[in-house]
Amino acid sequence: MSARNNILNRLRTSLAGTEPRPDDFNETLVTEPWQYTPDSRIQRLRALMEAVQTEVHQLPGEQWPAKVQALLESRNLSNVLYAPGTDHGQKLAEHWQAHGARQDLVAYDRPVEAWKEELFWEVDASVTGTVGGIAATGSLVLWPDRHEPRLMSLLPPLHIALLKASEIEDNLYAIMQKQNWSAGLPTNLLLVSGPSKTADIEQVLAYGAHGPKELVVLILEDQ
């Protein structure tokens, strides 16, 4: 028998004769102080994120590809990383083709080992989706997968995140319950509340040390 099986068997037998503790969790402790109306959810999330130098725009859902193009133009960037296997990735590619955008679309469609140098040093920006937002803390929820890996939101200096207004929840517990996170979590679930920053060196605040220097959130109104 392998060492792994030995360990698992010991863990299983250690529970013999025991009873689980009663579930006396009171959800009001983590929900009642942080409840908002639909409009105030957006206002609170914007206020908290903008307080830490996040750029936030609210716009009709169908207009976001043009806004992405405008953001890149205003910064004079030459390319943007996208996920062709996602719905929003396909919409971005369709807009780029239809409007002749000058920036190159860089597809994340291969293992990182095949293009590490380009990915780490030559990509200017990225566009990713989110699975929701949290008003109480001013946070985005990212759910990386094989189509849109974690590196897309970590490496480029500019990260543009798409957030549906209807998917902003009051608090962490509310979004966990609504989306049934207990049914299965990804390897990485990310809560992002602003651009990367640190004050480790002489307590001087610096942006971009451990991730994107800029974070832009596009809040998409329901169509």
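Values as computed for the structure displayed
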quantity: Candidates Q177, Q223 - the one that is within 30 Å of D39 (Cβ to Cβ), in contact with a Gly (Cβ under 6 Å, 6 or more places away or on another chain), at pLDDT below 95 and not acidic (D, E); calculated: Q223
quantity: Condition broken by N5, with the remaining ones in (1) among the polar types (S, T, N, Q); (2) in contact with a Ser or Thr (Cβ under 9 Å, 6 or more places away or on another chain); (3) surrounded by fewer than 12 Cβ atoms within 10 Å (Cβ to Cβ) satisfied; calculated: (2)
quantity: Strands (runs of 3 or more DSSP E) (entirely within segment 56-144) containing at least 2 residues that are surrounded by fewer than 19 Cβ atoms within 10 Å (Cβ to Cβ); calculated: 104-107
quantity: Condition met for E148 (over 18 Å from L72 (Cβ atoms), surrounded by 16 or more Cβ atoms within 10 Å (Cβ to Cβ) and of a type in the set (D, E)); calculated: yes
quantity: Segment 149-175 residues that are in contact (Cβ under 8 Å) with a residue 60 or more places away in the chain, paired with ones that are outside any helix (DSSP H, G or I) and of a type in the set (D, E) (beta carbon under 6 Å, 6 or more apart); calculated: L158/E214; A165/E221
quantity: Selected residue (criterion: modelled with the highest pLDDT) from residues of segment 125-153 that are over 14 Å from the mean Cα position of the chain (by Cα) and closer than 23 Å to D109 by Cα; calculated: A125
quantity: Test: residue in segment 18-34 that is in contact (Cβ under 8 Å) with a residue 12 or more places away in the chain, aromatic (F, W, Y) and either more than 17 Å from A135 (Cα to Cα) or loosely packed, with under 11 Cβ neighbours inside 10 Å (or both); calculated: no
quantity: Residue check, R10 basic (K, R), over 20 Å from S166 (Cα atoms) and in a helix (DSSP H, G or I); calculated: yes
quantity: Residue under evaluation F25, criteria (1) at pLDDT below 95; (2) in a helix (DSSP H, G or I), criterion not met; calculated: (2)
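Conditions (1) of a type in the set (A, V, I, L, M); (2) closer than 16 Å to V217 by Cβ, marked per residue:
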position	(1), (2)
A93	yes, no
L105	yes, no
G132	no, yes
A135	yes, yes
M152	yes, yes
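The values are calculated or read from the model by the stated rules, or taken from the named source; none is laboratory data. Quick caveat, the model's predicted, so the values are computed rather than measured. Glycine also receives a Cβ, built like all others from the backbone with ideal geometry; neighbour counts cover every protein chain displayed.
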